[in-house]
Amino acid sequence: MKTIRTIKELKKELSRCRESIGFVPTMGFLHKGHISLVEKSVNENNITVCSIFVNPIQFGKNEDLGRYPKDIERDSIMLEKAGCDIVFIPDTSEIYNEQKVFLNIKNLSDSLCGKKRPGHFEGVLTVVCKLFNIVRPHKAYFGEKDYQQYIVIKKMVEDLNFDIDIRIGEIIREEDGLAMSSRNVYLNDEERKRSILLYNIIQFVRKSSFIGQKTEELENLLNEYLIKNMDNSIIRMDYAEIRNDIDLERKKTISENSRIFLAFFVGNTRLIDNGRIIL
Ligand code: PAF
């Protein structure tokens, strides 16, 4: 596996490549979720490129940019083992040089994480667009855990006529159901135990719903569940919403496209999760 730090060097390396390129953009501190995307790319392409770049412009002022976990050595070992060909690790100055153009998307980023983290998707779209232009992949891989991000990126690719196939990799969970995330490392023992609430909520709505049911009725059940099961001293809800997973709109009735979207603070750590309601 080659480690490349500059755009020039990466472009040179890839210019020789006439084969299909798969791309997995990440912010590093990799876990099995990232690796499953890399493995998918390795299976579906001749060359796999993974980027590790903690993108400053997708973090809000009071978020965790300054303490975002990092372990490039461990990441490199994991990537090499998964069959990745090139890891691209640029400095911030390599990616941003007095950037004046920022991408935005209407409607799809007004809700859920877009509403709670203003500017977040602008930062994500801008960096992903730049990385797509640098790597020029045929396929790019994103995790289902960040489902709204996947939808927003798919729309960018469609609207800006990128010739890239956007692929999704399923959520990889710990044994007790907690979705794998680089941010799980922030949790202390007590918080780690409580963080299982997110997966329990998904399981609860799966048990309590059926196609054709009124969304409002399921939301009422969900609220009752949250009142009973949420310990406010450690866990704080950011949002728990039922939306259609094609346009992220709230629909009147539950269908096979209904998905629950969750964001909770467990201590100071913000965790997200989601899942189809009807399996
Ligand atoms: O999902 C992430 O890790 C990031 O949002 C991404 C897509 C690498 C852009 O910085």
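Just so you know, all these numbers are worked out from the coordinates, no wet-lab data involved. The model shown is predicted, which means the values in this text are computed figures rather than measured ones. Methodologically, a virtual Cβ is constructed for each residue, glycine included, from the backbone with ideal geometry; neighbour enumeration extends over all protein chains shown.
Numbers at a glance
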{"item": "On Cα atoms only, tilt of 147-159 relative to the major axis of the chain in degrees", "result": "50"}
{"item": "Two-site FRET efficiency, Lys193 against Glu216, from Cβ-Cβ distance with R₀ of 30 Å, rounded to 0.05", "result": "0.40"}
{"item": "Qualifying GluC sites (Glu not before Pro) in region 1-67, DSSP loop, other Cβ atoms within 10 Å at most 13", "result": "Glu19, Glu63"}
{"item": "P(r) histogram, all alpha-carbon pairs of region 172-257 included - 10 Å bins from 0, percent", "result": "14, 44, 32, 10, 0"}
{"item": "Ordering of 104-117, 124-137 by packing [mean C-beta count within 10 Å, highest first]", "result": "124-137, 104-117"}
{"item": "Stokes-Einstein D (µm²/s) once Rh is taken as the Kirkwood radius of region 91-249 over alpha-carbon pairs, at 37 °C in 0.692 mPa s", "result": "181"}
{"item": "Cα centroid separation - region 1-55 against region 129-196, whole Å", "result": "15"}
{"item": "Overall form of region 25-174 per C-alpha gyration tensor (a/c, 1.5; a/b vs b/c)", "result": "rounded"}
{"item": "On Cα atoms only, tilt of 32-44 relative to the major axis of the chain in degrees", "result": "50"}
{"item": "Gyration tensor over alpha-carbon atoms, region 214-279, equivalent ellipsoid semi-axes in Å", "result": "23, 14, 8"}
{"item": "GluC sites (Glu not before Pro) within region 155-262: DSSP coil, no more than 13 neighbouring Cβ in 10 Å", "result": "Glu170, Glu175, Glu249, Glu256"}
{"item": "Tensor-based shape of the chain (alpha-carbon gyration tensor, a/c under 1.5 rounded, otherwise prolate or oblate)", "result": "prolate"}
{"item": "Value at 222 nm in deg cm²/dmol, rounded to 500, when DSSP H runs of n ≥ 4 in the chain each add -39,500 (n - 2.57)", "result": "-11000 deg cm²/dmol"}
